[in-house]
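Okay, structure first, notes after.
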Amino acid sequence: MTVDVWAPLGVAGVVPVVDELSIPDFHHMPKSVPFAARTQVDVAGHRVTVVWRHRVLVASLADDAAPGGAREIASGFRQPATGGPDSILWNFVLMPVDVLGETVALDRERSGRDRWQLRVSGPAGRSWQWRPAGRIFADRMELTRSDESAPVVTHLLRPVPGRPGPASGPPEVRWEASASLAEVLLPLLWVLDRAHTCLLPKTQRVLRGEFL
């Protein structure tokens, strides 16, 4: 089975993202553990499984013709960021993602006085911004193409003041019909990477007495 991971999915959708790794398991799991299941999602008919393999997040697409019935299509490994604004006061990490042998790189940059976003660049000149939505409190993360104003993929995280939402339930990922499978998976991996460690934007974490 051959899937063009950069082709438009052709249908909009939204699915829950149930992280199978709990917060206690995350904090007590030895770094030497070779495997941990993270989530399974159906993206417009594409069954995707994400696992933690030696602390590398690996997304595989169900494929009966592949060994083991799955084909790895993306993987990301967190790396400490160096340089840039606030690098002394706020330690942070980045997760470049390998998508079928091509690297999607990213870097953190300021977006206004007290906000941040990630500048993302991919193969064939593709580029995006991944950023928290909202001025002070943010209940979602948005992936927006550099030449567009509306996000192509949105992660709904948690309810915040002024934007009510369900009090419980897993986060959700929502995509537009023009989104590609790769565009859905990139922020999915980033959210899972940060789910238990500093996903919140800087201002929201300062209000909680924490630092990004």
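The values are calculated or read from the model by the stated rules, or taken from the named source; none is laboratory data. Computed from a prediction, not measured in an experiment: that's the story for all the values here. Neighbour counts run over all protein chains shown; Cβ positions are idealised from the backbone, glycine included. Accessible surface is based on the protein model in full, side chains and every heavy atom, while ligands, DNA and RNA are left aside. Shrake-Rupley method; radii C 1.70, N 1.55, O 1.52, S 1.80 Å.
Numbers for the structure displayed
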| item | result |
| --- | --- |
| Members of the stretch 12-40 found to be touching a residue at least 40 places away in the same chain (Cβ under 8 Å), in a loop (DSSP other than H, G, I, E, B) and open to solvent by 70 Å² or more (accessible area, probe 1.4 Å), listed by number | 18 |
| Residues of the stretch 1-11 that turn out to be open to solvent by 70 Å² or more (accessible area, probe 1.4 Å) and under 23 Å from residue 69 (Cα atoms), as a count | 3 |
| Selection from the stretch 153-195 of residues that are modelled with pLDDT under 70 and part of a loop (DSSP other than H, G, I, E, B) | 158, 159, 161, 162, 164, 165, 166, 167, 168, 169 |
| Some residue of the stretch 117-130 being of a type in the set (Gly, Ala, Ser), assigned to a loop (DSSP other than H, G, I, E, B) and at pLDDT below 95 | no |
| Tally, over the stretch 51-77, of residues that are open to solvent by 80 Å² or more (accessible area, probe 1.4 Å), assigned to a loop (DSSP other than H, G, I, E, B) and at pLDDT below 85 | 2 |
| Every residue from the stretch 91-104 that is within 20 Å of residue 4 (Cα to Cα), in a strand (DSSP E or B) and open to solvent by 20 Å² or more (accessible area, probe 1.4 Å) | 98, 102, 103 |
